[in-house]
Each structure stands twice: as C-alpha cells, then as structure tokens.
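The block underneath contains the structure these notes are about, expressed in structure tokens.
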Amino acid sequence: MIKNFIANGCSFTEYVDHPKKVTKTWATYLAEELSVDCHVNLASSGAGNDYIFHSTVNYLETNRPTPGETLIVVMWSG
C-alpha cells in the first residue's frame, strides 16, 4: 500500500497556494486519487534537472521514507 507520495519537477508540477486561488497540478490530483497519508511536492518553478535530482535525493536521505510504502514521481524539465 502506498502511504507516501513524493513529486518533483518544474512549474508543471509545483503546487501554488495563491491568496486568491490554489493551483493544483497533476501531482496534487494523483496524490488525491491514491489517498496517501503524506504528500510531498518538492517542485519549483524554473527548476532544472540538476535541482530536481539533488532535491529528491536530499529529501530521501534526510527523511528516509519506507521504500515499500513510497511512490516517487519526477517530471523532468525540458
């Protein structure tokens, strides 16, 4: 069972909590569909693949989520 969902990418993935409107992305909808306990979105607008790679690895090394309960999805930058 997937309990943790980690998403990363550029502006296509970034969750934006704007005062007037919340912008949901594919990552938000996927996390909702999976009904996960923990949804982490590391994405950042303008992020390149170097940031995406390093921030994902850093999060995994720091937080050590259980492998069998964790889904990691990355949308690489073009």
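The values are calculated or read from the model by the stated rules, or taken from the named source; none is laboratory data. Since we're looking at a predicted model, the values are computed, not measured. When we count neighbours, we look across all protein chains shown, and the Cβ atoms used for this are built from the backbone with ideal geometry, even at glycine. Protein only, heavy atoms only, side chains kept; ligands, DNA and RNA dropped before computing areas. Shrake-Rupley method; radii C 1.70, N 1.55, O 1.52, S 1.80 Å.
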Restricting the search to segment 55-78, which residues are more than 13 Å from the chain's Cα centre (by Cα) and in a loop (DSSP other than H, G, I, E, B)?
-> Arg64, Pro65, Thr66, Ser77, Gly78
For segment 32-54, enumerate the residues that are buried (at least 16 other Cβ atoms within 10 Å of the Cβ) and part of a helix (DSSP H, G or I).
-> Tyr51, Ile52
Taking segment 42-54 as the search range and keeping residues that are of a type in the set (S, T, N, Q) and modelled with pLDDT under 95, which one is farthest from the chain's Cα centre (by Cα)?
-> Ser45
Being open to solvent by 90 Å² or more (accessible area, probe 1.4 Å) and out of contact with any helix residue (DSSP H, G or I) (no Cβ under 7 Å at 6 or more places or on another chain) is the filter; apply it to segment 4-23 and report the residue that is nearest to Phe53 (Cα to Cα).
-> Phe12
For segment 60-78, how many residues meet the condition of being open to solvent by less than 50 Å² (accessible area, probe 1.4 Å) and among the hydroxyl-bearing types (Ser, Thr, Tyr)?
-> 2
Give segment 5-31 a look and list any residue that's outside any loop (DSSP other than H, G, I, E, B) and more than 11 Å from the chain's Cα centre (by Cα), or say none.
-> Val16, Asp17, Val22, Thr23, Tyr29
